[in-house]
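Reading through the structure tokens given below for one structure.
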Amino acid sequence: MTQVFDEKGTVHPVTVVTLGKTVVTQVKTNEKDGYNGVQIGFGDRKAKNINKPLKGHLKELGNFMFLREFRVSAEIANSYKVGDAIDPSIFVDGDKVEVSAVSKGKGFQSVIKRHGFHGGPRSHGQKHSERAPGSISGGTRNGGRVPKGMRMAGRMGSDRVTVKNLKVISLDKENNQIFISGAIPGRRGTLVTIKG
């Protein structure tokens with residue numbers, strides 16, 4: 001993340017997203033495939049790590065790390081052809097976008113950090129229960145069983161998160177970068193999907 005200033009001198013916190021090498025690898029049409037869509041390849045990987053069917057599919061387009069497909073209207077699908085490069089110019093300043101990515105993994109966490117529990121009091125003869133979850137409803141509402149969905153300690157993060165209504169602040173076409181307002185999920189290097 002960084003910050004940028006607009007023409008009025010207002011500061012905006014932004015996340016810088018780099019497009020890298022992004023190429024259309026397949027265009028799907030309603031007549032042939034039953035729906036309209038565009039498949040996009042992104043990132044680089046060694047040729048030895050790509051299997052033969054995928055090599056045949058990609059042909060000479062490149063050795064992509066990721067392939068993602070987006071369903072679009074027939075008009076948009078017909079405007080692309082295989083081999084077209086996608087750059088930041090598909091967006092304009094002020095566009096509202098939604099960004100999806102896998103959030104940072106935080107490992108095994110307690111109920112205090114994971115669910116915001118307050119823990120137990122230090123008084124009244126309790127010694128080691130400051131961060132304990134308390135009752136998990138053993139003999140009450142569910143007949144001696146722990147009910148489904150009970151909030152407990154466990155792995156936190158590494159979830160697919162979508163943030164909506166973010167604004168494209170500016171574009172850097174030379175460096176293939178998009179400046180998006182606010183924070184987006186994930187760490188540095190996370191694959192991010194941006195929808196207009």
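Things to note:
- Total residues in the stretch 4-15, condition of a type in the set (Val, Ile, Thr) and loosely packed, with under 14 Cβ neighbours inside 10 Å: 2
- Matching entry among ASN51, ASN78, ASN30 (being touching a helix residue (DSSP H, G or I) at 6+ places or on another chain (Cβ under 7 Å) and modelled with pLDDT under 95): ASN30
- From the list PHE108, PHE91, the lone residue that is under 26 Å from ARG71 (Cβ atoms) and at pLDDT 90 or above is PHE91.
For (1) under 24 Å from ALA183 (Cα atoms); (2) not in a strand (DSSP E or B), each residue gets a yes or a no:
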| site | (1), (2) |
| --- | --- |
| PRO13 | yes, no |
| THR25 | no, no |
| VAL38 | no, no |
| ASP44 | no, yes |
| LEU54 | no, yes |
| ASN63 | no, yes |
| ILE76 | no, yes |
| VAL82 | no, yes |
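- Selected residue (criterion: modelled with the lowest pLDDT) from residues of the stretch 1-27 that are under 17 Å from LEU166 (Cβ atoms) and hydrophobic (A, V, I, L, M, F, W, C): LEU19
- The stretch 133-154, subset assigned to a loop (DSSP other than H, G, I, E, B) and in contact with a helix residue (DSSP H, G or I) (Cβ under 8 Å, 6 or more places away or on another chain), residue farthest from THR193 (Cα to Cα): PRO133
- For the stretch 28-50, the tally of residues that are exposed (fewer than 14 other Cβ atoms within 10 Å of the Cβ) and either within 26 Å of the chain's Cα centre (by Cα) or not polar (S, T, N, Q) (or both) stands at 11.
- Residue in the stretch 114-131 that is at negative phi, touching a residue at least 24 places away in the same chain (Cβ under 8 Å) and not in a loop (DSSP other than H, G, I, E, B) present: yes
- If you go through the stretch 90-107 and pick out every residue that is in contact (Cβ under 8 Å) with a residue 60 or more places away in the chain and closer than 15 Å to ARG160 by Cα, you end up with 7.
- Just so you know, in the stretch 84-108 the residues that are assigned to a loop (DSSP other than H, G, I, E, B) and charged (D, E, K, R) include one that is surrounded by the fewest Cβ atoms within 10 Å (Cβ to Cβ), and it is ASP93.
- Scanning the stretch 155-176 for residues that are outside any strand (DSSP E or B), closer than 20 Å to ASP6 by Cβ and in contact with an Asp or Glu (Cβ under 9 Å, 6 or more places away or on another chain) yields a single hit, LYS173.
- From the list LYS127, LYS148, LYS167, the one residue that fits, being among the basic types (Lys, Arg) and surrounded by 13 or more Cβ atoms within 10 Å (Cβ to Cβ), is LYS167.
- Being outside any loop (DSSP other than H, G, I, E, B) and within 17 Å of THR18 (Cα to Cα) is a description that applies to PHE179.
- Qualifying residue in the stretch 69-80 (condition: closer than 30 Å to ASN49 by Cβ and touching a residue at least 60 places away in the same chain (Cβ under 8 Å)): yes
The values are calculated or read from the model by the stated rules, or taken from the named source; none is laboratory data. Because the structure is predicted, anything quoted here is derived from the model rather than measured. Neighbour counts are summed over all protein chains in view; Cβ atoms, including those assigned to glycine, are modelled from backbone coordinates with ideal geometry.
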